[in-house]
Amino acid sequence: MEEMTITTRSPEETMRLGEALGAVLEPGDVVLLTGDLGAGKTTFAKGVGRGLGVAEELTSPTFTLIHEHAGRIPLVHADLYRLRETGAGAADGGHLAGCLDDYLDGEAVVVIEWPEQAAGLVADALCLDIRRAPLPRVDEREFRLRATGPRSHSRLEAWVKRWLFS
Ligand code: ADP
Ligand code: MG
């Protein structure tokens, strides 16, 4: 499967799309979410939480860069925006990479917003780039999906099948 695109037309639909992914994810999977502020990364991550059976509502992490949630599979939700904003750069990025490293290949699913700061950390990840549609389609979002290795590739196939045929 090459790169592909899915369009959603409301925040609820984006959440359902995330939920469908959460339902097929397995421990150790990594999902990288890129896109501008307000693109829908956190909305999508909330859906992933639902699909993983996380009971509490995910929020946008502000001061805490990494949040851990219990679920059918534990979910680690990271938002590295603050690193980018402060230009914290290599030092903090390196420290953070160390923290995230503890979660990778582990029991949890890891979802990262603004993963640019942790570039190169994960070889095999599901990369989702979210873009707004041109005005006036204010509630429309385009998801560009890409898998960078065999693990993410097989998850991408399971997810897309689930989304298209359920
Ligand atoms: P990010 O985490 O990328 O900054 P958020 O998920 O926090 O973005 O915010 C997305 C905003 O866009 C929310 O206010 C949401 O209601 C709105 N929105 C409108 N249409 C959509 C859509 N199709 N998918 C996701 N969010 C949408
Ligand atoms: Mg966010």
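Key figures
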read-out: Count of residues meeting criterion [modelled with pLDDT under 90 and either buried (at least 22 other Cβ atoms within 10 Å of the Cβ) or away from ligand 2 (no atom under 15 Å from the Cβ) (or both)] in region 105-122; value: 8
read-out: Only listed residue being at pLDDT below 95, among the basic types (Lys, Arg) and more than 16 Å from Lys41 (Cα to Cα), chosen from Arg151, Arg137, Arg82; value: Arg137
read-out: Failed item, numbered, when Thr8 is tested on (1) within 14 Å of the chain's Cα centre (by Cα); (2) crowded, with 21+ Cβ neighbours inside 10 Å; (3) more than 20 Å from Tyr103 (Cβ to Cβ); value: (1)
read-out: Tabulated pairs, region 120-138, first over 13 Å from Gly149 (Cα atoms), second within 16 Å of ligand 1 (Cβ to nearest atom) and at pLDDT below 90, C-beta under 7 angstrom, 6+ apart or interchain; value: none
read-out: Every pair of residues 6+ apart whose Cβ atoms lie under 7 Å, when the first sits in region 32-58 and is farther than 16 Å from Asp139 by Cβ and in contact (Cβ under 8 Å) with a residue 12 or more places away in the chain while the second is among the basic types (Lys, Arg) and within 11 Å of ligand 2 (Cβ to nearest atom); value: Leu33/Lys41; Leu58/Lys46
read-out: Number of positions in region 155-166 that are surrounded by 15 or more Cβ atoms within 10 Å (Cβ to Cβ) and either in contact with a helix residue (DSSP H, G or I) (Cβ under 8 Å, 6 or more places away or on another chain) or free of Cβ contacts under 8 Å to residues at least 24 places away in the same chain (or both); value: 5
read-out: Qualifying residue in region 20-31 (condition: farther than 27 Å from Asp102 by Cα, within 16 Å of ligand 2 (Cβ to nearest atom) and not in a loop (DSSP other than H, G, I, E, B)); value: no
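One line per residue, one yes/no per condition, for (1) outside any helix (DSSP H, G or I); (2) within 13 Å of ligand 2 (Cβ to nearest atom):
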site	(1), (2)
Val48	no, yes
Ala55	yes, no
Thr59	yes, yes
Glu68	yes, no
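The values are calculated or read from the model by the stated rules, or taken from the named source; none is laboratory data. Treat the numbers as computed from the prediction; the structure is a model and nothing was measured. Every residue, glycine among them, receives a Cβ derived from its backbone with ideal geometry; neighbour counts consider all protein chains shown.
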